[in-house]
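J.: If you scroll down you'll find the structure; I have some questions about it.
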Amino acid sequence: MKSIVEAAALIKNGRLSPVEATREMLSRIDNLDLRFNSYLSVWGDRALEKARQAEAEISAGVYRGPLHGMPLGIKDLLETASTPTTVGSKVLREWLPDRDATVVKRLEAAGAVILGKLNMTEFALDLHHPEMPIPKNPWATDRWIGASSSGTGSAVAAGLCMAGIGSDTGGSIRSPSALCGVTGIKPTFGVVSRHGVFPLAASLDTVGPMARSVEDAAIMLDAIGGFDPSDPTSVPGL
């Protein structure tokens, strides 16, 4: 599977269609994710609509950058007004927030195509809810997948998104990244907005990218980072 850097070059010059890339990724999810349980919800129709929009913009000469038309996944503690945000819990399976998290807004402003919400431990703690599907490590389904951002680690490693968003309070980006063989970045506190992100520990929570290379993760971090006046812990001047 191509990296974001490689796919972005093809999308920019018209050799790769965002619509076809999104269809292919949705097909992979449909065929493979019954084994891995990396997604809690898949936004098939919405993702294809966003991909068509990206393709039309790029064809018209409006190119937003390397995430334009790129199929990505987001951890299900980022609030989304378009679909329920479960935070990995049965209790919140029908919670429909009235806003999008800043990270979601920034990804979509960069032209990203969000495929759906990725699985996680309940409320970003240690364990998965016993009545929710547990993500599997694609390299060995009997091995531990890591902590909270488990669905993101699984999806990125299995090629079910080009990259994804996780969160880290005590290792929840770092452990699934290490165990799934992907690259995760736990940003410096205050670099990425937590506005609209379900909290675990307000003095420690961070949000960051998980990808298949350092370069891809850096592209993701560049898109989601920066000062946000809606987050009182956001660092000014970024």
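J.: Which numbered condition trips up ALA211, out of (1) in contact with an Asp or Glu (Cβ under 8 Å, 6 or more places away or on another chain); (2) modelled with pLDDT of 95 or more?
T.: All conditions pass for ALA211, except number (1).
J.: Exactly one condition in (1) surrounded by fewer than 24 Cβ atoms within 10 Å (Cβ to Cβ); (2) in contact with a Leu (Cβ under 7 Å, 6 or more places away or on another chain) is false for GLY208; which is it?
T.: (1)
J.: Determine whether VAL42 is open to solvent by 40 Å² or more (accessible area, probe 1.4 Å) and closer than 30 Å to TRP144 by Cα.
T.: Values: open to solvent by 40 Å² or more (accessible area, probe 1.4 Å): yes; closer than 30 Å to TRP144 by Cα: yes.
The answer is yes for VAL42.
J.: Among ILE185, ILE173, which is in contact with a Gly (Cβ under 8 Å, 6 or more places away or on another chain) and open to solvent by 40 Å² or more (accessible area, probe 1.4 Å)?
T.: ILE185
J.: Further, regarding this structure: Here is a check on your reading of the model: is MET132 closer than 20 Å to SER41 by Cβ, assigned to a loop (DSSP other than H, G, I, E, B), open to solvent by less than 20 Å² (accessible area, probe 1.4 Å) and in contact (Cβ under 8 Å) with a residue 24 or more places away in the chain? Before the answer, list the steps.
T.: Numbers: closer than 20 Å to SER41 by Cβ: yes; assigned to a loop (DSSP other than H, G, I, E, B): yes; open to solvent by less than 20 Å² (accessible area, probe 1.4 Å): no; in contact (Cβ under 8 Å) with a residue 24 or more places away in the chain: yes.
No: the conditions fail for MET132.
J.: Next question, about the same structure. What number of residues within the stretch 3-56 satisfy the criterion of being within 27 Å of ALA140 (Cα to Cα) and without any contact (Cβ under 8 Å) to a residue 40 or more places away in the chain?
T.: Residues meeting the conditions: 6.
J.: Which one of these does LEU67 not meet: (1) more than 16 Å from ILE173 (Cβ to Cβ); (2) in contact with a strand residue (DSSP E or B) (Cβ under 7 Å, 6 or more places away or on another chain); (3) of a type in the set (A, V, I, L, M)?
T.: Here LEU67 clears every test but (2).
The values are calculated or read from the model by the stated rules, or taken from the named source; none is laboratory data. Quick caveat: nothing in here was measured; it's all calculated off a predicted structure. Cβ: placed from backbone, ideal geometry, glycine included. Neighbour counts: every protein chain shown. Note: accessible area is taken over every heavy atom of the protein model, side chains too, but ligands, DNA and RNA are not part of it. Shrake-Rupley method; radii C 1.70, N 1.55, O 1.52, S 1.80 Å.
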